[in-house]
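Dropping a structure here in structure tokens format, bear with me for questions.
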Amino acid sequence: MRTLKFMEAEAFTHRRNLLPLLARKLKAKSYLEIGVKGGKTFLPIRVRKKYAVDPNFTIKAAYKKSQIWKYPFNMFAKYFPCTSDEFFEKHCEHTIKKSTLDLAFIDGLHTYEQTYKDIENTLPLLKSSGVILVHDCSPKSAAAACPANSIDEVKKNPPPGFDGLWSGDVWKIIPRLTKEHPELDVFVIDHDSGLGIISKSNLFDDEHTPKFDQLDYSIDDIDGWDYDHMDKNRKNIIKTVNPEYLKTYCLLFN
Ligand SMILES: C[S@@+](CC[C@H](N)C(=O)[O-])C[C@H]1O[C@@H](n2cnc3c(N)ncnc32)[C@H](O)[C@@H]1O
């Protein structure tokens, strides 16, 4: 029974299932992915205008070709082989107009500071009905949450219990957004290392909007919080929501 429940959650809330589903539900015409790697999430998404940003793409030519056969609009996808900072500084203005983006997935450099910056840079591009997904918002262990500047840095000096999965301190973006952007609807699907869902409009009906305790903290406090502090108060600090809840009460999926 538990296995079945897990498989159902996986089918619905793994990023590679949820993003295409969201794209369909939002009738998305534009999609931005920051941190694309081999394109396994980027290429299968059926959105006509797609923008990919990564300083180190590893997309295999044969895979790209097969995905163009499956969805010919992939031919027009735009690739920016640079960091997200460089994309927002030099290319974004000529590429995505403000308030036009339907869907974004932020999965680049897994640091709190960079991920927060990527979100702040993406927000003005987003339509009022648009949604941003952020990977790695609910790390599964202190080792996975180890703050670092890259996974290679973690691998060189692995913390006890490190199993190869690295989420960094991206989770800190959730209390920061809650504090600095009360106008946004922010919560985390507690699955697939935590998928943060950020939108400008409430995604749940009033009756079923997830309820969290309001915590009293400053931005400086967030800097000082460690994994153990977050783990003790995971639900209220990173606003975790069960995948089943999303499936049942999110207006987008009704
Ligand atoms: C976890 S992988 C992305 C996986 C991909 N989104 C998926 O779902 O298959 C992270 C990627 O972020 C890229 N990256 C690292 N620093 C970055 C930065 N500053 N800006 C954009 N991308 C970055 C890395 O090159 C790497 O390919």
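Before we move on, is residue 174 on the phi < 0 side of the Ramachandran plot and in contact with a helix residue (DSSP H, G or I) (Cβ under 6 Å, 6 or more places away or on another chain)?
yes
For the range 32-47, which residues satisfy the criterion of being within 12 Å of the ligand (Cβ to nearest atom) and buried (at least 18 other Cβ atoms within 10 Å of the Cβ)?
Passing the criteria: 32, 33, 34, 35, 36, 39, 41, 42, 43, 45.
To keep it simple, each residue is scored yes or no on (1) of a type outside the set (D, E, K, R); (2) under 18 Å from residue 14 (Cβ atoms).
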| site | (1), (2) |
| --- | --- |
| 167 | yes, yes |
| 178 | yes, no |
| 184 | yes, no |
| 190 | no, yes |
| 204 | yes, no |
| 212 | yes, no |
| 218 | yes, no |
| 230 | yes, no |
| 245 | yes, yes |
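Looking only at the range 20-34, count how many residues are among the aliphatic types (A, V, I, L, M), within 18 Å of residue 110 (Cβ to Cβ) and either in a helix (DSSP H, G or I) or out of contact with any Leu (no Cβ under 7 Å at 6 or more places or on another chain) (or both). First the steps, then the outcome.
Our first condition is that a residue be among the aliphatic types (A, V, I, L, M); within the range 20-34, this holds for 21-23, 26, 28, 32, 34.
Among the residues that remain, those that are also within 18 Å of residue 110 (Cβ to Cβ) are: 32, 34.
Those still in the list that are either in a helix (DSSP H, G or I) or out of contact with any Leu (no Cβ under 7 Å at 6 or more places or on another chain) (or both) too: 34.
The qualifying residues number 1.
Still on this structure, please answer the following. Within the range 122-146, which residues are within 16 Å of the ligand (Cβ to nearest atom), touching a strand residue (DSSP E or B) at 6+ places or on another chain (Cβ under 9 Å) and not in a strand (DSSP E or B)?
Hits for the range 122-146 are 122, 125, 135, 136, 137, 138.
Next up: Checking the conditions here, which among 90, 50 is within 15 Å of the ligand (Cβ to nearest atom), surrounded by fewer than 15 Cβ atoms within 10 Å (Cβ to Cβ) and at pLDDT 95 or above?
90
I would also like to ask the following. Look at the range 83-140 and say how many of its residues are more than 14 Å from the chain's Cα centre (by Cα) and of a type in the set (Phe, Trp, Tyr).
Number satisfying all stated conditions: 2.
Now for a different question. Enumerate the pairs (first residue in the range 64-87 and hydrophobic (A, V, I, L, M, F, W, C); second residue anywhere and within 13 Å of the ligand (Cβ to nearest atom) and in a helix (DSSP H, G or I)) with beta-carbon separation below 7 Å, excluding pairs fewer than 6 apart on the same chain, so at least 6 apart or on different chains.
Taking only residues 6 or more apart or on different chains, the pairs are 80/87; 80/91.
Right, next: Only one residue in 207, 180, 153 is within 16 Å of the ligand (Cβ to nearest atom), acidic (Asp, Glu) and surrounded by fewer than 19 Cβ atoms within 10 Å (Cβ to Cβ), so which one is that?
Being within 16 Å of the ligand (Cβ to nearest atom), acidic (Asp, Glu) and surrounded by fewer than 19 Cβ atoms within 10 Å (Cβ to Cβ) holds for just one of 207, 180, 153, which is 153.
Residue by residue through the range 177-194, note down the ones that are at negative phi and in contact with a Cys (Cβ under 7 Å, 6 or more places away or on another chain). Walk me through how you get there before you give the answer.
Residues of the range 177-194 at negative phi: 177-191.
Passing the criteria: only 188.
The values are calculated or read from the model by the stated rules, or taken from the named source; none is laboratory data. Note that this is a predicted model, so its numbers are computed, not measured. Because the Cβ atoms are built from the backbone with ideal geometry, glycine has one as well, and the counts that use them run over all protein chains shown.
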